Every structure is written in structure tokens, then in C-alpha cells.
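This report concerns only the one structure given below.
The values are calculated or read from the model by the stated rules, or taken from the named source; none is laboratory data. If you're wondering where the values come from, they're calculated on a predicted model, not measured in any experiment. Positions of Cβ are generated from backbone atoms using ideal geometry, with glycine treated the same way; all protein chains shown enter the neighbour counts.
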Amino acid sequence: MTMGFDELRTTVRGRVLASGDADFEQVARPWSLAVTQPVAAVVEAADAEDVAAVVRFAQAAGRAVVTQPTGHGAAAGVDEAILLRTGALNGLEIDPVARVARVGSGVRWGQVQTAAAEHGLTGLAGSNPVVGVTGYTLGGGKGWFARKYGWASNAVHAFEIVDAAGRAARVTADSDPDLFWALSGGGGDFAVVTGLEFELFPAPGLYGGRITWTADRLLEVWDAFRELTSAAPDELSVWFNRFQFPGAPEMVGVDLAYLGDPEQGRALVSVLDRIGGALTDTRSAMSVADLGTITQEPTDPSPAITRGELLGELSPEAEKIILGTSVAPLVSLQVRHLGGALAHPTSGARGALSDGYLISTLGLGLPQLRDAVRAKTTALVAEFGALLPGRKPFTFLAPGESAAAAFDAATLDRLRAIKRERDPQTVIRSNYPVLG
């Protein structure tokens with residue numbers, strides 16, 4: 001059965017926009033402008049009651065609900081769905097004694113970090129301050145401090161949700177073990193999450209920043225990266241970058257963050273000081289509130305085409321590809337060091353990660369570039385071939401991929417069974433559905 005949206009407009013307090021309405025195209029756009037979302041309507045929920053009303057309406061109308069607080073991680077396959085924006089659910093509370101944050105699903109990581117920093121605490125944030133806490137955490141969440149404390153989903157104490165029948169609930173590991181397990185890294189396919197409660201961690205200090213050099217320093221920087229990551233303590237994360245910005249010469253760089261005494265952090269990465277000719281060097285003692293400035297990522301929507309792939313080790317074969325391929329027409333080719341607590345067993349769907357590195361690419365999805373960017377990305381993955389294990393973190397899935405690429409067979413089977421039990425009409429749809 002299908003129906004119009006007049007009934008929904010009279011039910012919810014937030015704004016309801018249908019195709020053809022003024023502002024519809026703007027509010028339906030995801031963060032990546034390279035992705036199109038041909039949804040039937042967009043609802044900007046005012047509160048959790050609006051969320052419940054939208055789910056009940058969708059169930060009766062035979063439509064799916066796709067929830068996107070910020071639109072990061074959007075993918076295709078949302079035709080005729082209702083896009084639910086939860087940016088207005090922006091409550092944020094820090095309990096410094098219990099070291100707990102309570103956030104609405106519209107809260108972004110930069111807001112959490114700013115509030116937590118006032119108490120000498122940090123969340124397990126990623127590299128971009130405008131990424132939403134909820135989507136990132138539902139997908140596991142691999143950030144700067146993951147080597148020390150593991151996935152962001154490991155830190156969750158409770159989820160505030162609306163289920164597929166439109167009922168609100170608080171989900172913990174004790175109250176609903178199966179659903180809590182699925183939401184802890186299995187994506188957003190099982191309920192609409194309206195809020196999170198999660199652990200914060202001590203932030204005794206932070207040393208971080210980015211250094212860049214001209215491309216003629218490539219081998220020196222790579223050797224330093226290998227040396228650093230071969231013996232890095234879990235408090236230190238180091239990422240290697242090759243850059244090819246449009247109209248500029250190729251560059252090479254290193255991003256790093258050390259959670260601890262800044263002087264110790266500086267000493268740990270002193271090998272980088274032996275490489276002369278740095279173009280830029282932003283390393284300094286910094287607040288965790290400024291964690292999102294390290295990589296200087298765009299904070300406004302852009303036509304980004306990204307790809308992420310796990311890599312077990314820096315073998316000679318992998319090294320040859322990383323250093324030998326041309327970056328253009330991509331903007332960047334990045335290698336992130338993993339390991340540490342990410343390799344430890346977890347109690348959620350986002351399990352242990354044995355691979356030591358993650359390769360990430362970024363290109364611009366502009367009309368004159370997108371075909372070449374996609375072709376380059378496909379060719380690069382093919383060149384790595386069997387060096388890539390075929391699975392990746394959920395939050396690094398790209399349009400055209402499926403949730404099956406993020407989980408082993410047993411985990412995927414369990415997630416699918418929970419989905420069928422909790423949402424038999426598939427009212428709730430993740431960016432990457434487990435049944436897709």
C-alpha cells in the first residue's frame with residue numbers, strides 16, 4: 001500500500017518535504033555530492049517521538065526508512081524511501097565522574113571532543129569533526145585512538161532506539177543481548193538509533209599533526225613510516241599519505257596522533273625530523289578538542305569518491321604498488337597503521353581485526369573526473385589482488401559494495417537472522433543493508 005505524505009505532515013513536529021517541494025533537493029543531498037538519493041520524502045525529526053511516528057507511517061505505507069543524521073556514508077539503493085534526518089536530536093551531556101557521554105543521534109564528533117576536553121577526557125573519534133557519532137559508531141568506528149582502546153562501538157553502554165514497529169526502547173547488553181550485539185558494529189539496519197551512551201577515556205595530553213614534503217622525499221618518508229609502525233606503542237597512530245591535488249605537484253606526507261605526554265610523543269616520532277625539506281609541519285601539543293584538524297579534511301559537502309581496503313602487511317609486493325602507482329587522477333592514497341586493541345576480541349558484531357594496515361583512496365567525483373577516478377580505483381584494487389583479504393571496516397564500504405564485504409560468514413548470518421526477526425518488513429534500511 002502507498003500513500004501521500006499529508007498525514008505525516010500532521011503527525012510530526014519536524015519538517016516534511018516531498019519530491020517537488022522547495023528545498024527538497026538540498027535537504028535530500030548526502031555529504032558526498034557524488035551520491036544521488038532519489039528518495040520520496042525527507043523528514044527532519046524534531047525529537048524521538050517524530051522518529052517513532054515516521055517509522056509507523058513507513059510501515060503502513062510500505063516504504064523504507066533511511067536514517068542519516070549527517071549524510072556521511074550514504075550509498076545508492078534508497079529509491080522511494082523516506083529519508084530521516086535526526087540532526088535536531090542534538091542533546092549532549094558529559095558525566096566526568098562516571099566518564100560517560102550521552103548524546104542524541106544528531107551530535108557530531110567535534111562537539112563531543114570539545115565538551116569532553118574540558119574534563120580531560122576524550123571519545124574514540126575519527127579524523128573528521130563533522131562526522132556524526134551515531135553512524136560512525138554503528139559501523140564500528142575506527143578512529144585515532146583505536147589502537148589504544150579499540151572500536152568506538154566497544155565503548156557503548158546503551159542505545160536509545162525506535163524499533164521497526166515504532167516502539168521506543170533503551171537497549172543494553174543485559175536488556176537485549178542480540179540487538180545490542182548487532183548494533184555494536186553491525187550497522188544501522190536493525191533499529192533507528194536516537195541516542196547513545198558511551199564511555200570516555202583519559203586524555204593526559206595529545207601530540208599530533210601533519211608533515212608534508214615534495215614527492216622526491218617519497219622513499220625517505222616511507223622508510224620512516226615503516227620504522228615507526230614496526231614498533232609504535234598503542235597510544236601512537238601514524239598514517240602515510242601520497243597527495244596529488246589538482247594543478248599542484250605531487251606531495252608525500254605523514255599524519256600522526258599520540259595520546260599521552262606531548263614530549264614523549266615528539267620523541268617517539270623523531271625519525272621524521274631527520275627528513276629535510278618539509279613543506280609544512282603542524283605537529284604540536286594540542287587539545288583533543290582539535291583532533292579533527294590533523295588531517296585538514298573538508299567539513300563541507302563535496303563530491304568525494306572513496307575506497308577503503310584492508311592490507312595484512314607491508315610486503316614487498318604491496319610496497320611496490322603503494323610507491324610505484326601514480327596517484328592521479330586520485331587526490332590521495334593513504335596507508336593507515338592498525339593493530340593494537342583493534343586485534344583484540346570484542347563482544348559486538350564488529351569483531352577483532354587481524355590486518356595490520358588499511359589503504360584508503362580519495363578522488364573527486366566531478367563530471368570531468370569521476371569516470372577516470374573510478375577506473376583508477378578499480379585498477380588499483382585489481383593490482384593488489386590476493387594481497388587484500390576481501391573484508392573491510394563497515395564505515396569504509398563504498399557505493400556498489402555490500403555489508404557482506406565487512407563481515408565473516410558467521411557474523412553475517414547472525415546479523416541477517418536478527419534483521420529478519422526484528423524487522424520482517426524491512427522497514428529500516430541501512431546505507432549497506434545486511435540482506436542486500
Hits in the range 293-338 - residues which are farther than 24 Å from residue 400 by Cβ, more than 23 Å from the chain's Cα centre (by Cα) and either in contact (Cβ under 8 Å) with a residue 12 or more places away in the chain or buried (at least 20 other Cβ atoms within 10 Å of the Cβ) (or both)
314, 315, 317, 319, 323
Scope the range 243-287; condition hydrophobic (A, V, I, L, M, F, W, C) and at positive phi; matching residues:
none
Of the residues in the range 47-74, how many are of a type in the set (A, V, I, L, M, F, W, C), assigned to a loop (DSSP other than H, G, I, E, B) and more than 20 Å from residue 131 (Cα to Cα)?
1
By residue number, the members of the range 368-397 that are outside any helix (DSSP H, G or I) and over 20 Å from residue 152 (Cα atoms) are 368, 369, 388, 389, 390
Could you check, for the range 146-155, whether at least one of its residues is in contact (Cβ under 8 Å) with a residue 40 or more places away in the chain, closer than 25 Å to residue 253 by Cα and among the basic types (Lys, Arg)?
yes
Quick count over the range 129-154, residues being polar (S, T, N, Q) and within 9 Å of the chain's Cα centre (by Cα), is 1
Would you confirm whether or not the range 203-219 contains a residue that is touching a helix residue (DSSP H, G or I) at 6+ places or on another chain (Cβ under 8 Å), at negative phi and free of Cβ contacts under 8 Å to residues at least 60 places away in the same chain?
no
Given the conditions (1) of a type outside the set (Phe, Trp, Tyr); (2) in a strand (DSSP E or B); (3) assigned by TED's automatic domain parsing to the domain that holds residue 332, which single one is not true for residue 290?
(2)
Residues of the range 199-255 satisfying the condition of being surrounded by fewer than 18 Cβ atoms within 10 Å (Cβ to Cβ), part of a helix (DSSP H, G or I) and within 24 Å of the chain's Cα centre (by Cα)
none
Pick from the range 393-413, criterion more than 23 Å from residue 65 (Cβ to Cβ) and not hydrophobic (A, V, I, L, M, F, W, C), ranking: surrounded by the most Cβ atoms within 10 Å (Cβ to Cβ)
393
Answer with yes or no whether residue 78 is within 24 Å of residue 393 (Cα to Cα), part of a loop (DSSP other than H, G, I, E, B), touching a strand residue (DSSP E or B) at 6+ places or on another chain (Cβ under 7 Å) and among the aliphatic types (A, V, I, L, M).
yes
From 230, 302, which residue is of a type in the set (Ser, Thr, Tyr) and modelled with pLDDT under 95?
302
Is there a residue being among the β-branched types (Val, Ile, Thr), buried (at least 23 other Cβ atoms within 10 Å of the Cβ) and free of Cβ contacts under 8 Å to residues at least 24 places away in the same chain anywhere in the range 42-52?
no
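This table checks each residue for (1) modelled with pLDDT of 95 or more; (2) among the small types (Gly, Ala, Ser).
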{"position": "335", "(1), (2)": "yes, no"}
{"position": "339", "(1), (2)": "yes, yes"}
{"position": "343", "(1), (2)": "yes, yes"}
{"position": "349", "(1), (2)": "yes, yes"}
{"position": "383", "(1), (2)": "yes, no"}
{"position": "390", "(1), (2)": "no, yes"}
{"position": "411", "(1), (2)": "yes, no"}
Quick one: would you say residue 290 is surrounded by fewer than 16 Cβ atoms within 10 Å (Cβ to Cβ), of a type in the set (D, E, K, R) and on the phi < 0 side of the Ramachandran plot?
no
Checked the range 95-109 for anything in contact (Cβ under 8 Å) with a residue 12 or more places away in the chain and surrounded by fewer than 20 Cβ atoms within 10 Å (Cβ to Cβ); matches are 96, 99, 100, 102
If you go through the range 323-367 one residue at a time, how many are in a loop (DSSP other than H, G, I, E, B) and under 29 Å from residue 216 (Cβ atoms)?
10
In the set 15, 9, which member is in contact (Cβ under 8 Å) with a residue 24 or more places away in the chain and either of a type in the set (D, E, K, R) or not assigned by TED's automatic domain parsing to the domain that holds residue 365 (or both)?
15
Matching residues, the range 405-420, being more than 15 Å from residue 351 (Cβ to Cβ) and either without any contact (Cβ under 8 Å) to a residue 60 or more places away in the chain or touching a strand residue (DSSP E or B) at 6+ places or on another chain (Cβ under 6 Å) (or both):
416, 417, 420
I'd like the full set of residues that are among the basic types (Lys, Arg) and either crowded, with 17+ Cβ neighbours inside 10 Å or outside any helix (DSSP H, G or I) (or both), limited to the range 272-287.
283
